Amino acid sequence: MSLIDVAPLRIVPPQIRHARRPQRMLERQWMVNRAGGWIIFVTGFFEPLFYLLSIRVGFGALVGDVDDGGTLIPYAEFVAPALMAASAMNGAVYESTMNIFFKMKHEKLYDAVLATPMTSGDVALGEILNATLRGAVYSAAFLVTMGALDMTGSWWSILMLPVAVLIAFSFSAIGMAATTFMRSWADFEYVPAVMLPMFLFSATFYPLSSYGDWAWIVQLSPLYHGVATMRGLNTGDLSWAMLAHVGVLAALAVGGLTFTARRIERLLLP
Amino acid sequence: MSTPAAIRSWEAHFTQYRSVWKTNVMGSFVQPLLYLLGMGLGVGALVDDSGRSDALLDGLTYFQFLAPGLLATTAMMIAANEAMWPVLGGFKWWKKFHSEAATPLTPNEIAGGVALWQITKSCIAVVGVATVLALFPDTRSWGLLLAIVFGTLTGAAFAAPISAWSATRDGDYSFPTINRFVITPLFLFGGAFYPISQLPDWMEPIAIATPLWHGVELCRNAVYDRLEFWPTVGHLAYLVTLAVVGWVMAARSFNRRLTL
Amino acid sequence: MNPPASTPLIEARQLVKRFGDFTAVGGINIEVRPGESFGFLGPNGAGKSSTMRMIGCVSPPTSGDLNIFGLDATRHGKQIRGRMGVVPQLDQLDEQLTVQDNLIVYGRYFDIPRAECKRRAQELLEFVQLTDRADSKIEPLSGGMKRRVSIARSLINEPDLLLLDEPTTGLDPQARHVLWDRLYRLKQQGVTLVLTTHYMDEAEQLCDRLVVMDGGRIVAEGSPNELIREHSPREVLELRYPAGTNEEHAFEVEGIGHRQEALPDRILIYADDGEVALKEVHARGSIPESVLVRRSSLEDVFLKLTGRSLVD
């Protein structure tokens, strides 16, 4: 019938495939931001600046160069792409867990939206895109800051942006799926309990080889695949393995989306 | 003798807290442990391999350098957040302070209860981090006991002025900005992760002016038994002054808001 | 375009809603005709809101048939919702947006062009007398104003059918009258209203026809007047005695009027003529603390049908 019904996309359930107006949720967010939320948005640009500066002036001097698969690169150049990946993840997860839960339980936003021709698929996809967009904006800020601080290693680094968007999308989908299981605010303690170890142990701050025999655990972390891809693009040291990493992220995106779509109807339309 | 009023107010906080202690285990035990393992051991290996650490870190390994700093940063983050939403919410959302003011408690005593509670919470957090440090031979020392006091004081030096601010607010718009422009930069540039001597010349005095750096210095020197008399007095005086001035201002805000 | 007048706008047959073991709605039949104002009357937990959610196509029926605008509610929810306006029990306004933006964003959910949304928003704010609050945030508004914003928002798609779940619960008397006036105007414009309430006066004011629900079932149906005529004599005599002595006094006045009801705070005597009944009470030497003769209302109908007071 249309592009959306192409065979490979059939694994995505019909609620999502037949979503026709997810962009309305983005429109709403735009109206909200226009009315004042933009301040928080804009100040979000300072976060990458602070992190990147501290990496450069602090850790950079302590560590010097680091061995990235055989070549020595400055530590700041090594860590920056990983932080960018983490920032895409954080922005997306925050938006797709806490914010979604707030809108669902306290503002009853979706109850009002679903009383219109909007469907649960529209809401799910729309809010995932919304979280992705937030992650993407943070990532863009990150990339610009990296460029300004001369932490990019090659022109390939521009491609880090689409990869960051993919990371944001995957984590939004997973985050939203997780949110459908949350019963109260107390359950949100588990979010940092998962995010922080992932942030620290995804080969973010030191090479995979540092983990020795434990490296396989690191490879289970979804963020690691983002970090590995981004790092390769930043140094311009491309390899086929990066395609596999992107594949993992894409699989997570589809998995999260599928799962969310199945759960969301039960959650929003009892 | 009857229980002092501020303690009765504090009891209310503690009763609420017992139901959410799990959050604190995450914030003050698991989180520092993860940072210590993730940054201390991992980045530590890179730093120590580079051969520069001796000169820059004053003879400490990176792990040793980082660990005590986490006492101060954890206290800062726990105390700062305790001084934002809970204080504003006590006035605005749950009207907790207003209902307390309807009892014989005076605004000063209510503010005192809040302050005591913030100190308690900082202390619980710092004890959690100290427990983590005691797990590792490199950072295990009797000085940790003193560092618990210093860490708690650091928490108080943040909680007090921020409470004074929160008690005058009508919305929580400024809180993310405080986190973003005060707490996060201090976490990154306050001397916990690397010596502030590495900062650009113009940033170093700013770092010295912040309470976090004084807290980090106190904790680190306490753990490795390197406290010197006059610098220690200076750090302590600075933190105590901030806490006291902050609380005087907070109490005034409480008075103004509860006696309309 | 409205369907021919003979076709019902809403038609439910043996409609059931269960949540696990709990039956919220236990097989009800209803028919609402175009242009009609139809009410669900009942206490909390009677199944009114569950029924409204099924009609609003946001809660699939467990069993039974439900057709709205001649379309099956389970399969055509999206089309049906497109022609319907909903005012929920608790205002679900978007607190992050201004009053006017609430209306515009909501209109966009119906795919109404942005410019048109803006035009309608201005018109509707005028209709609910909130033009001067167009740029206000939601939070500072009073309960009555918020409810009026909700009504304005529900009209943004120019609906043929408006669902109102307890439209005036929690509002002060003045705000209720403003709201009733606006709803009455909508009815005059030909909008079909379906509302739930547990206020008798509201049902009498607004509804052409209503059903009384209790425990998930319909226990009576008709126009307010029909129901009163059918289930209650014309007048009611209310007698108040000193606290705690109702039982002995109930014995004193036994047999007067058609029927009696001893409530915790008063005794009700249903009679064709209240004054005549009162004379009889006095004749028996019973001396109440206070006396009131009034016309019987839906409250009395409900009391008779369910044995319980409506507002508890």
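Per-residue ellipticity at 222 nm computed for chain A from its helices equals -19500 deg cm²/dmol, with DSSP H segments shorter than 4 residues left out and the rest contributing -39,500 (n - 2.57).
Per-residue ellipticity at 222 nm computed for chain C from its helices equals -10000 deg cm²/dmol, with DSSP H segments shorter than 4 residues left out and the rest contributing -39,500 (n - 2.57).
Here is the list for the range A:176-270: chymotrypsin sites (Phe, Trp or Tyr not before Pro) lying in DSSP coil, each with at most 13 other C-beta atoms within 10 angstrom of its C-beta, are A:PHE181, A:TRP240. Computed from backbone phi, the HN-Hα couplings of the range B:190-203 come to x, x, 7, 8, 7, x, 5, 5, 7, 5, x, 3, 6, 8 Hz, rounded to whole numbers (Karplus: 6.51 cos²θ - 1.76 cosθ + 1.60, θ = phi - 60°; Gly and Pro given as x). Beta bridges assigned by DSSP with both partners in chain C are antiparallel in approximately 65 percent of cases. With the convex hull constructed from alpha-carbon coordinates only, chain A shows a mean projected area of 15.5 nm² over all directions. Calculated mean residue ellipticity at 222 nm for chain B: -22000 deg cm²/dmol, from DSSP H runs with n ≥ 4 weighted as -39500 (n - 2.57), summed, divided by the residue count and rounded to 500. Over all distinct Cα-Cα pairs of the range B:5-258, the Kirkwood formula returns a hydrodynamic radius of 18.7 Å. Couplings 3J(HN,Hα) of the range C:224-232, computed from phi: x, 5, 4, 5, 5, 4, 6, 10, 8 Hz, in residue order, whole Hz [Karplus 6.51 cos²θ - 1.76 cosθ + 1.60, θ = phi - 60°; x for Gly and Pro].
Return the average number of partner chain Cβ atoms within 10 angstrom of each residue Cβ along peptide B:25-32.
Partner-chain Cβ atoms within 10 Å, mean over residues of B:25-32: 2.
Taking every residue in C:98-104 and counting other chain Cβ atoms within 10 Å of its Cβ, the average works out to 2. The distance separating the Cα centre of the range B:192-212 from that of the range B:135-183 comes to 17 Å. Sorted from greatest to least, the principal axis extents spanned by the alpha carbons of chain C come out as 74, 45, 38 Å. Under a 5 Å amide H cut-off, with hydrogens placed 1.01 Å from N, A:VAL66 pairs with A:ILE73, A:TYR75 among residues at least 5 apart or on other chains.
When all protein chains stay in place and ligands, DNA and RNA are ignored, the 1.4 Å accessible-area order of C:HIS177, A:HIS18, largest first, is C:HIS177, A:HIS18. Taking the C-alpha atoms only, the angle from helix A:160-179 to the longest principal axis of chain A is near 50 degrees. When the Gaussian network model of chain B links Cα atoms closer than 10 Å, the mean-square fluctuations of B:SER163, B:SER174, B:SER122 top out at B:SER174.
The accessible-area ordering, largest first, of the residues B:TYR35, C:TYR184 stands as C:TYR184, B:TYR35, per a 1.4 angstrom probe.
Using a 1.4 angstrom probe on protein heavy atoms only, the contact between C and A buries about 2500 square angstrom of accessible area, both sides summed. Solvent exposure of A:SER239, expressed as accessible area, is near 60 Å², computed with a probe of 1.4 Å over the protein chains only.
Taking the convex hull of the alpha carbon positions in the protein assembly as shown and averaging its projected area over all directions gives 44.8 nm². Note on the range B:5-258: dipole from Cβ charges, positive end direction compared against B:VAL240, B:ALA164, B:GLY42; the farthest Cα belongs to B:ALA164.
Across the range A:54-68, coupling constants 3J(HN,Hα) worked out from phi with the 6.51/-1.76/1.60 Karplus curve, θ = phi - 60°, read 5, 5, 5, 6, x, 5, x, 5, 6, 8, x, 8, 10, 8, 9 Hz, and Gly and Pro carry x.
Note on the range B:5-258: with neighbouring protein chains present and a 1.4 Å probe, carbon and sulfur make up 66 percent of its accessible heavy-atom surface.
Put a plus charge on the Cβ of each Lys and Arg, a minus charge on the Cβ of each Asp and Glu, and nothing anywhere else: the dipole of the range B:5-258 about its Cα centre is then about 1100 debye. Charge dipole (Cα centre; +1 on Lys/Arg Cβ, -1 on Asp/Glu Cβ; no other charges) of the protein assembly as shown amounts to roughly 820 debye. Between the listed residues A:PHE199, A:GLY212, A:ALA88, the Cα displaced farthest toward the positive end of the dipole of chain A, a dipole computed from Cβ unit charges relative to the Cα centre, is found at A:ALA88. Share of carbon and sulfur in the accessible area of chain C stands at 48%, probe radius 1.4 Å. In this view, the solvent-accessible surface of C:LEU93, computed with a 1.4 Å probe and all protein chains in place, comes to about 10 Å².
Name the helices (complete DSSP H segments) of chain B with a Cα length along the long axis of 27 Å or more and a Kyte-Doolittle mean of at least 1.0, or state none.
Qualifying helices, which must be both long enough and hydrophobic enough, are B:107-134, B:143-166.
Listed by chain and number, the lysines whose C-alpha is less than 30 Å from the C-alpha of A:LYS108, apart from same-chain residues fewer than 8 away, are B:LYS22, B:LYS92, B:LYS95, B:LYS96, C:LYS17, C:LYS48, C:LYS78, C:LYS118, C:LYS137, C:LYS146, C:LYS187. Near the amide H of C:LEU210, within less than 5 Å, lie the amide hydrogens of C:GLY39, C:GLY222, C:SER223, all on another chain or at least 5 residues away, with H placed in the peptide plane. Residues in the protein assembly as shown average 43 Å² of solvent-accessible surface per residue, probe 1.4 Å, ligands and nucleic acids excluded. Principal-axis analysis of the Cα atoms of chain A puts helix A:222-235 at an angle of about 50° to the longest axis.
The values are calculated or read from the model by the stated rules, or taken from the named source; none is laboratory data. If you're wondering where the values come from, they're calculated on a predicted model, not measured in any experiment. Reconstructed Cβ throughout: ideal geometry from the backbone, glycine too, with neighbour counts over all protein chains shown. Ligands, DNA and RNA are stripped out before the accessible areas are found, and what is left, the full protein with its side chains, is counted by its heavy atoms. Shrake-Rupley method; radii C 1.70, N 1.55, O 1.52, S 1.80 Å.
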